[in-house]
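The values are calculated or read from the model by the stated rules, or taken from the named source; none is laboratory data. Everything numeric here is computed off the predicted structure, so don't read it as measured data. Backbone-built Cβ (ideal geometry, glycine too); neighbour counts: all protein chains shown.
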Amino acid sequence: MATIAVGLRPGSIVAGEGAVWVKNHADQTVSRIDPETNTVTATIPIGAGEFGYLAAGEGSVWATNNDANTVSRIDPRTNAVQATIPVGENPQGIAVGSGSVWVANHRAGSVSRIDPETNRVSEVIVNYELCCSPQAVATSPGAVWVTVPDPGKQHLVRIDPATNRVIATVAVGESGGRLAVGEDAVWAATNTRTVAKIDPATNSVVSRVDADAIVFGATAGLGSIWVTSPGESLVRIDPAGNRVGELRIRGAVFPTVGTTAVWVSSETTNSVVRVEPLP
C-alpha cells in the first residue's frame, strides 16, 4: 500500500490515459499521478466549480464543474485544459462511452452528450416524471446508465446512445446515486447499506449485496466491485454477491481501478491511497 499527497480535499478519481487523476475540490485543481512511481507529476488548475467528477477516455480527461455549469477538457499530453465546455445546470456525474462524453445535469433534468471531435453538446431529456435530478452516469456497450434519485427512492434510467432516448427505467430502492459497470452487470449503491446488481439483458435488479456500510463511491475491476464507506473504508464485493472484506482508510471518498491496483481518494488526509488487492 502507498499513500500519495495530492491537493486539498480530493474527491473524484479516475484511472486512464496513462495516469491516475484526482479532482481536488478546495483548490480547484486536478492532480496527475504516475502509477509507475506513485508520484504527482502535474497539478492542473481547472477554475471555478468546486465540486465535480472525473472521467477519462477519447484521448482526454474530463472534469465537471458544478458551480460553473461547465466541463473542463484536459489534454494528457500537455497537462493543460484545452477546452471549457458549457453544459446543463449543476453538472455532476460524467462518463465516456459510445464515442461520446455523457454528463448528468442535476438541476436541469437532462444529460449532456459531448462530441469529443468537436466539443459540441446535445441534450438528452432523462425523464421529467422522476423528479429530474440525474446524479451519476456510467456506460456499458450500447448503453448509458443514469441514476435519478426521487424522494425516498432511486431510479436507474437506460439511454440508447443510437437514439438518445430513454428505453428502460429500473427501480433500485432507496436513494443513493453511485454507479459502477463491470463483471457483466450494472451496480447501483443505495442508502440502505446495499448495492443493487442490475442485469443489463433484462433491465432488472437480480440481487442485492449487503455492504454493511453506507456506500459513497463505487467502481468495478480486477474481478471485484469496490465501494467506499464515507470517511471510513474500502469494501470489496465478489460479483457473485458476497462481501469479501474491508480495509480501513481514513477519509475514504471515491475509488477507481487501474491496471493492477485500486486507488482511493482520502479527503481528510489530502491524499490518494494505492491498494494492491490480494487474489
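What pairs can you find where one residue is in segment 100-122 and in contact (Cβ under 8 Å) with a residue 24 or more places away in the chain, the other is part of a loop (DSSP other than H, G, I, E, B) and of a type in the set (Ser, Thr, Tyr), and their Cβ atoms are less than 8 Å apart, with a gap of 6+ or different chains?
His106/Ser133; Arg107/Ser133; Gly109/Ser133
With the checklist (1) at pLDDT 95 or above; (2) part of a strand (DSSP E or B); (3) more than 18 Å from the chain's Cα centre (by Cα) in hand, flag the one item Val124 doesn't pass.
Unmet condition: (1).
Read through the list (1) modelled with pLDDT under 90; (2) farther than 26 Å from Ile33 by Cα; (3) touching a strand residue (DSSP E or B) at 6+ places or on another chain (Cβ under 7 Å), then give the number of the only condition that Val206 fails.
Going through (1) modelled with pLDDT under 90; (2) farther than 26 Å from Ile33 by Cα; (3) touching a strand residue (DSSP E or B) at 6+ places or on another chain (Cβ under 7 Å) one by one, Val206 breaks only (1).
Search segment 180-195 for residues being out of contact with any Leu (no Cβ under 8 Å at 6 or more places or on another chain) and at pLDDT 90 or above, and hand back the single one that is surrounded by the fewest Cβ atoms within 10 Å (Cβ to Cβ).
Looking at the filtered set, the residue picked out is Asp184.
If you take the residues in segment 210-222 that are aliphatic (A, V, I, L, M) and modelled with pLDDT under 90, which one is nearest to Gly142 (Cα to Cα)?
Step one: of segment 210-222, the residues aliphatic (A, V, I, L, M) are 211, 213-215, 218, 220, 222.
Subset that is modelled with pLDDT under 90: 211, 213-215.
Details: Ala211: 29, Ala213: 32, Ile214: 30, Val215: 27 Å.
Ranking the qualifying residues of segment 210-222, first place goes to Val215.
Does Thr228 fit the bill of being of a type in the set (S, T, N, Q) and either in a strand (DSSP E or B) or crowded, with 16+ Cβ neighbours inside 10 Å (or both)?
Numbers: of a type in the set (S, T, N, Q): yes; either in a strand (DSSP E or B) or crowded, with 16+ Cβ neighbours inside 10 Å (or both): yes.
Taking the combined requirement at face value, the residue satisfies it.
Find the residue count for segment 144-195, including only residues that are of a type in the set (Phe, Trp, Tyr) and closer than 18 Å to Ile237 by Cα. First the steps, then the outcome.
Let us first name the residues in segment 144-195 that are of a type in the set (Phe, Trp, Tyr), namely 145, 187.
So of that shortlist, the ones also closer than 18 Å to Ile237 by Cα come out as 187.
Looking only at that region, the number is 1.
Return the residues of segment 159-169 that are aliphatic (A, V, I, L, M), surrounded by fewer than 20 Cβ atoms within 10 Å (Cβ to Cβ) and in a strand (DSSP E or B); say none if nothing qualifies. Before you say what the answer is, go through the steps one by one.
Here is the first cut: in segment 159-169, the ones aliphatic (A, V, I, L, M) are 159, 162, 166-168.
Add one more test, that the residue is surrounded by fewer than 20 Cβ atoms within 10 Å (Cβ to Cβ), and what stays is 162, 166-168.
Within segment 159-169, Val166, Ile167, Ala168 qualify.
Looking at (1) modelled with pLDDT under 95; (2) out of contact with any His (no Cβ under 9 Å at 6 or more places or on another chain); (3) under 19 Å from Thr268 (Cα atoms), which is the one condition that is false for Phe51?
Looking at each condition in turn, Phe51 falls short on (2).
For residues that are in contact (Cβ under 8 Å) with a residue 60 or more places away in the chain and touching a Leu at 6+ places or on another chain (Cβ under 8 Å), scanning just segment 231-259, find the one that is surrounded by the most Cβ atoms within 10 Å (Cβ to Cβ). If you could, list the steps in order and put the result at the bottom.
Step one: list which residues in segment 231-259 are in contact (Cβ under 8 Å) with a residue 60 or more places away in the chain, which gives 253-259.
With touching a Leu at 6+ places or on another chain (Cβ under 8 Å) added as a condition, the list becomes 255, 257.
On the way: Pro255: 28, Val257: 22.
Applying the filter and picking the extreme gives Pro255.
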